[in-house]
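Sharing a structure, written as structure tokens. Questions coming.
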Amino acid sequence: MLVGGCWPACQAFAPKGSLFFIARIAESVTLVGMSKPIILTSKQVIDRILSLLAAMPDVAKTMPQGCQTKAFWQELFGRNARTRRLMETFQELPAFTEQAPTKAARWREVFDKDYPGTLAVKLPEAMLTLQAVIKAAEAPKPKRIAMKRWRDGYDATQEIQRVRPVESDEYIHNPHRGTTTFQRFQGDPTYAAWATSDTHGPLEVDLSAPATDNVKYIAQTTLSYCRWPWAYLEPKKGKYNWKIVDQALAVAHARGQTLQTRFQPYTTRVNYDVTPCTAKRHPPEKSVNVPDWYWDTGGKWVEVGTYAPHEPDSNDPLYLKHFGEFIRAFAKRYDGHPDLESVDMAYAGFWGESGGNSTAQTACKLTDIYLASFKKTQLLSMLGTPGSKHAQTRTGHTARPVGWRADCFGDLKTWVAPGVPAGLNWNHTFDAYPMEIQKVGAKDAWMRAPVTMETCGNVATWFMSDLDLDVIMREGFRYHMSVFMPKSAFFPQKFLAKLSEFEKKIGYRFALRQMRLPLQSAPGKKVNVQFFIDNVGCAPIYRQYALALRFRQGKLSKIVRFKQDIRTWLPGHTWFEENILMPAGFKKGEVKLDLAILDEANKPKVWLAIKGEKVDGWHAMTSMDVV
């Protein structure tokens, strides 16, 4: 079908047989219920203006001399950025495209039908439309004030200033959020193929290796995720191999990362005929890699385990005692370590994920050991387990809430399931996560504690399985995830760009839309500062850092920390104001102001997504006059 009005308009303003005429017909033909916008050339726009002026001489009389020539309009539209923008508008103007008259003499009907009566006679819309171009072309260039001092742009009547930084789209090396490396650190090679290993993290590391960009992965990350089996960390009862963890924390620090970790009850099947057990008492033939010494304590096993025969009986009081003692020992050494990002509350079963054969009662007891032992370091529970529900019940609205993590993020697989129509099989995305989040009471947990999502397979297997990356990312934002753990398997090129953008928006990302404050003040006087913060990420920050202003003049600088709790900056807009005192000691004249989010040592820790100069890690903002 033809878009209304286009066929006659094309006939009126394009020669028959011309390429343009044929192209206009092609652009006008479309499917029923669909329309393709008509966009004119600048030449066609001017032709329509001349036709309109010829048909409406009363309008032409209001226009400057020469307005009925092409040269007049060509010069006018090309005069400045505003008139060039107006040309782009005229190229899509309904009066000149789909509403264009079939006959040039009917131009008045096009404009006057919306403005009947007196108004149409006195001020035809056609005249107003064309005069807008003349007005824009004749607008004087704004006078630029010669800025000798920072304040010269303000006149004497102004008392306040507004700072409106430009938002940055760049990657920001901010802590506690983003993509993690897995069983390796920033700059280490990815796995050679798409197969990855949950068995154990690095046992030896090169502390001298420089921090380089990751290849075929998110180029920079601030998080490493490593996990080791219990047997590696406590090879003999009460004798701990802390070197493994110490060096992991050290290399993470050197590479600009903090370490997420988990100590796993066991990770592999063991055949005692191939790998002899040093314990005098142990299960027959096959088992799992718990510490050999554990069997000599009298620990029980189950004949048929979840993944292997002769797994430890997680409900045995001896398991609770010995694994519990290890949890306490780890916490005693590492709780509150500045480079330890978080600890998974793994308590039983393969990899510490599903809880093995532990009952809900056992799960609660082991979870309570974590809660009692770790007073500072962030804890994460495994979504969907009895321990996760218990942790949310115990800590959900306390000062130290537990976050949650989930495995198999990105599971959109359409298994070939017997008796089920294609594409309607069970998967984590539709069947597990929504239900588990609700059942463990974690629907709003993201507001108070972080969410970590570990991939199902990895990004390379997503690509090979032709999974919908847009849907996966959408769900990540819905879960308000702060941490994405794709196991250090390479990202295929077709997914890399999208995931790099995804990485920027998970967790928190703060843009400063406006800061409002006085132009001047005296030392010791109150200064009202108003902030408009926009968290363009999908989660808050969970650390109690402080927003601060730094006043500096020459070699003198003083920091004022705001009372605002930045952990309340949920996704979206936050506005707040505080009265602070201008620090004493500054002389009359200009003092520069910088902004930062600081740690306890008053060091910049978190950066905002704004463009502009940084001074010693602070965002340079504006100045004030000391009076």
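The values are calculated or read from the model by the stated rules, or taken from the named source; none is laboratory data. These numbers come from a predicted model, not from an experiment. Every residue, glycine as well, gets a Cβ built from its backbone with ideal geometry; the counts of neighbours run over all protein chains shown.
So F586 clears everything in (1) of a type in the set (F, W, Y); (2) surrounded by fewer than 20 Cβ atoms within 10 Å (Cβ to Cβ); (3) out of contact with any Leu (no Cβ under 6 Å at 6 or more places or on another chain) except one condition, right? Which one?
F586 satisfies every listed condition except (2).
Checking D246 against (1) over 37 Å from the mean Cα position of the chain (by Cα); (2) under 30 Å from L379 (Cα atoms); (3) among the acidic types (D, E): exactly one of these is not met. Which one?
Failing condition for D246: (1).
Tell me whether region 203-214 contains one or more residues that are surrounded by 19 or more Cβ atoms within 10 Å (Cβ to Cβ) and closer than 30 Å to I610 by Cβ.
Yes, region 203-214 contains at least one residue that is surrounded by 19 or more Cβ atoms within 10 Å (Cβ to Cβ) and closer than 30 Å to I610 by Cβ.
More than 30 Å from N174 (Cα to Cα), touching a Pro at 6+ places or on another chain (Cβ under 9 Å) and at pLDDT below 95, is that true of Y307?
No: the conditions fail for Y307.
Additional query: Going by what's in this entry, would V274 be described as hydrophobic (A, V, I, L, M, F, W, C) and not in a loop (DSSP other than H, G, I, E, B)?
No, not satisfied.
Next question, about the same structure. Within region 286-300, identify whether any single residue is among the β-branched types (V, I, T), loosely packed, with under 15 Cβ neighbours inside 10 Å and more than 18 Å from Y232 (Cβ to Cβ), and answer yes or no.
no
Oh, and also: How about region 373-429: which of its residues are assigned to a loop (DSSP other than H, G, I, E, B), among the small types (G, A, S) and at pLDDT 90 or above?
G384, G410
Moving to a separate point now. Please tell me if R262 is in contact with an Asp or Glu (Cβ under 7 Å, 6 or more places away or on another chain), modelled with pLDDT of 95 or more, among the charged types (D, E, K, R) and within 30 Å of T221 (Cα to Cα).
yes
Here's a follow-up. Are any residues in region 560-592 part of a strand (DSSP E or B) and over 23 Å from R509 (Cβ atoms), and if so, which ones?
Answer for region 560-592, where residues must be part of a strand (DSSP E or B) and over 23 Å from R509 (Cβ atoms): V560, N579, I580, L581, G589, E590, V591, K592.
Here's another thing I want to ask about it. Could you list, in sequence order, all residues of region 444-495 that are aromatic (F, W, Y) and either part of a helix (DSSP H, G or I) or under 26 Å from V402 (Cα atoms) (or both)?
Hits for region 444-495 are W446, W462, F463, F477, Y479, F484, F495.
Right, another one. Taking region 395-437, which residues are closer than 20 Å to C364 by Cα and among the basic types (K, R)?
Within region 395-437, R400, R405 qualify.
Results for (1) within 21 Å of Q220 (Cα to Cα); (2) aliphatic (A, V, I, L, M); (3) within 10 Å of the chain's Cα centre (by Cα); (4) not assigned by TED's automatic domain parsing to the domain that holds T221, shown as yes or no for each residue.
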position	(1), (2), (3), (4)
F495	yes, no, no, no
S500	yes, no, yes, no
R516	no, no, no, yes
N528	no, no, no, yes
I533	no, yes, no, yes
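Could you list, ordered by first residue, the pairs with Cβ atoms under 6 Å in which the first is in region 35-58 and of a type in the set (D, E) and the second is surrounded by fewer than 21 Cβ atoms within 10 Å (Cβ to Cβ), at least 6 apart or interchain?
Listed pairs, sorted by first residue: D47/F13.
If N357 satisfies every condition in (1) surrounded by fewer than 24 Cβ atoms within 10 Å (Cβ to Cβ); (2) in contact (Cβ under 8 Å) with a residue 60 or more places away in the chain but one, which is the exception?
Of the numbered conditions (1) surrounded by fewer than 24 Cβ atoms within 10 Å (Cβ to Cβ); (2) in contact (Cβ under 8 Å) with a residue 60 or more places away in the chain, the odd one out for N357 is (2).
So, one more: Determine if region 155-169 includes at least one residue that is without any contact (Cβ under 8 Å) to a residue 60 or more places away in the chain and either in a helix (DSSP H, G or I) or closer than 30 Å to K243 by Cβ (or both).
There is no residue in region 155-169 that is without any contact (Cβ under 8 Å) to a residue 60 or more places away in the chain and either in a helix (DSSP H, G or I) or closer than 30 Å to K243 by Cβ (or both).
Could you list, in sequence order, all residues of region 497-522 that are crowded, with 17+ Cβ neighbours inside 10 Å, of a type outside the set (D, E, K, R) and not in a helix (DSSP H, G or I)?
Scanning region 497-522 gives I506, G507, Y508, F510, A511, L512, M515, L517, P518, Q520, S521.
Here are some conditions: (1) aliphatic (A, V, I, L, M); (2) under 41 Å from the mean Cα position of the chain (by Cα); (3) not assigned by TED's automatic domain parsing to the domain that holds A363. I327 meets all but one. Which one does it not meet?
Checking I327 against (1) aliphatic (A, V, I, L, M); (2) under 41 Å from the mean Cα position of the chain (by Cα); (3) not assigned by TED's automatic domain parsing to the domain that holds A363, the one that fails is (3).
Please go through region 327-354 and give me each residue that is in contact (Cβ under 8 Å) with a residue 60 or more places away in the chain and among the polar types (S, T, N, Q), ordered by number.
S342 - this is the single residue of region 327-354 that is in contact (Cβ under 8 Å) with a residue 60 or more places away in the chain and among the polar types (S, T, N, Q).
Here is a follow-up. Listed residues D565, D625, D594, D599; which is in contact with a strand residue (DSSP E or B) (Cβ under 6 Å, 6 or more places away or on another chain) and under 30 Å from F477 (Cα atoms)?
Going through D565, D625, D594, D599 in turn, the sole match is D599.
Something else now. Does A449 count as of a type in the set (A, V, I, L, M, F, W, C) and surrounded by 16 or more Cβ atoms within 10 Å (Cβ to Cβ)?
Yes, satisfied.
Output the residue which, of all residues in region 97-131 that are of a type in the set (D, E, K, R) and assigned to a loop (DSSP other than H, G, I, E, B), is modelled with the lowest pLDDT.
Going through the qualifying residues, I end up with D114.
From A601, A596, A609, grab the single residue that is in contact with a helix residue (DSSP H, G or I) (Cβ under 9 Å, 6 or more places away or on another chain) and within 30 Å of P338 (Cβ to Cβ).
From the options A601, A596, A609, the qualifying one is A609.
Further question on the same structure: Quick check on this structure: which one of F330, F263 is in contact with a strand residue (DSSP E or B) (Cβ under 9 Å, 6 or more places away or on another chain) and in a helix (DSSP H, G or I)?
Within the list F330, F263, the selection yields F330.
Listed residues K592, K563, K588, K558; which is without any contact (Cβ under 8 Å) to a residue 24 or more places away in the chain and of a type outside the set (D, E)?
K563
Test F551 against the stated conditions and say whether it is closer than 22 Å to Q520 by Cα, crowded, with 19+ Cβ neighbours inside 10 Å and over 22 Å from the mean Cα position of the chain (by Cα).
So F551 fits the description; yes.
Residues are listed down the side, and each one gets a yes or a no for (1) at pLDDT 95 or above; (2) surrounded by fewer than 18 Cβ atoms within 10 Å (Cβ to Cβ):
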residue	(1), (2)
S42	yes, yes
A54	no, yes
K61	no, yes
L76	no, no
F90	no, no
